[in-house]
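First the structure, in the form of structure tokens, and then the observations on it.
No value in this document is a laboratory result; all are computed from the given coordinates. Everything quoted here is computed from the prediction, not taken from an experiment. Don't worry about glycine lacking a Cβ; one is built from the backbone with ideal geometry, like all the others, and counts go over all protein chains shown.
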Ligand SMILES: *Cc1c(COP(=O)(O)O)cnc(C)c1O
């Protein structure tokens, strides 16, 4: 059994993939070929964003978003410790300071009720808030936006795991000043290498982002009006994403069906799930369950692995306890919800083509605990 089965997906699109990959090989424009702008248009119509800009990966997407909003070294950016390290890393890379707030125990996303205290008491000049849509579920952007407006802050949505998700009629890509995503193969919409995208409704940010992604170019790439990065999306990856986007909507439905089945079958056990609030739709980048305590969780993982069922702990070391981030001076106990989740959470196999037999096998093992 695979944790994420990309081969099962490939069966459905292999033929059209071969055709479109061959077309790129024939065209010979491996960087900024026409597939890139074609994909950008399709991403925009998919999520409703005015502008979509392809880039090299989800981490660069965050760095570019921070630079586009004018975040400077020493500025504070509020984010969460319960995330993949790239969120904190992007802030730290540009010399800004990740200022952390804990997450909700129910949704695992940023707890907006904790933000104002941090803004008032931080020794840093807070300039932006960067929520993360963990496991594919959008954060509480309405409340976060209220706070950002009150204090004149920008919002950058780290939607690396949540492209395709929505709240009521609004899609991911529309909640923040700038939204970023990743097309890493294991993400819900993944390519066959590294890739990412940035979404905004602002014409001005669009211009700056496009410049930043190509060495800060001005009128052409040898006229450099700002310090940028080399962060373009490959034509081949764009061609692959165009094929994957065709089945993405259907795959989101399948992921939701599998998650519903998981919830139903695990219902009577001593585990709980990520709470999906009314009106929210997740893309289930992961299906994660939370156990009573660490001992049961670790035992569950061991029993699963004995039956060759893969499972992963996202995230076993919270951001504030990572060695590379000691300079932020956080300590154990600072973010109790995150720390408790780190010790009790487990992500189970999740992909659109997981069948009910496999699901029963997984649930069967968990039932024995
Ligand atoms: C995957 C991920 C990233 C980084 O994306 P890459 O394409 O791997 O650079 C950033 N933030 C979160 C929350 C992620 O899950």
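Take the Cα of residue 14, step 7 Å toward its Cβ, do the same at residue 26, and the gap between the two points is 2.2 nm. Between the beta carbons of residue 34 and residue 264, assuming R0 = 41 Å, the FRET efficiency works out to 0.35 to the nearest 0.05. The alpha-carbon positions of the stretch 200-285 define a convex hull whose volume is 175 Å³ per residue.
Looking at the chain alone, DSSP beta bridges between its own residues are antiparallel in about 65 percent of cases. Rounded to whole Å, give me the distance from the Cα center of the stretch 107-175 to that of the stretch 308-323. Cα centroid of the stretch 107-175 versus Cα centroid of the stretch 308-323: 23 Å apart. One equal scatterer on each Cα of the stretch 282-366, no solvent, Debye formula: the resulting log10 I(q)/I(0) at q = 0.21 Å⁻¹ is -1.00.
With the simple model of a label 7 Å out from the Cα in the direction of the Cβ, residue 245 to residue 117 spans 4.3 nm.
Taken over the chain, the alpha-carbon convex hull comes to 134 cubic angstrom per residue.
Computed from the Cβ-Cβ distance with R0 of 30 Å, the FRET efficiency linking residue 369 to residue 105 stands at 0.90.
How would you classify the stretch 198-237 from its alpha-carbon gyration tensor, with a ≥ b ≥ c the square roots of the eigenvalues: rounded for a/c under 1.5, else prolate if a/b is greater than b/c, otherwise oblate? Note, shape of the stretch 198-237 comes out oblate.
Among 194-207, 305-318, 215-228, the peptide with the highest mean count of other Cβ atoms within 10 Å heads the list, and the full ranking is 194-207, 305-318, 215-228. A Förster radius of 25 Å, combined with the Cβ-Cβ distance separating residue 257 from residue 294, puts the computed FRET efficiency at roughly 0.20. Note on the stretch 16-89: semi-axes of the ellipsoid equivalent to its C-alpha gyration tensor, largest first and rounded to whole Å, are 32, 14, 13.
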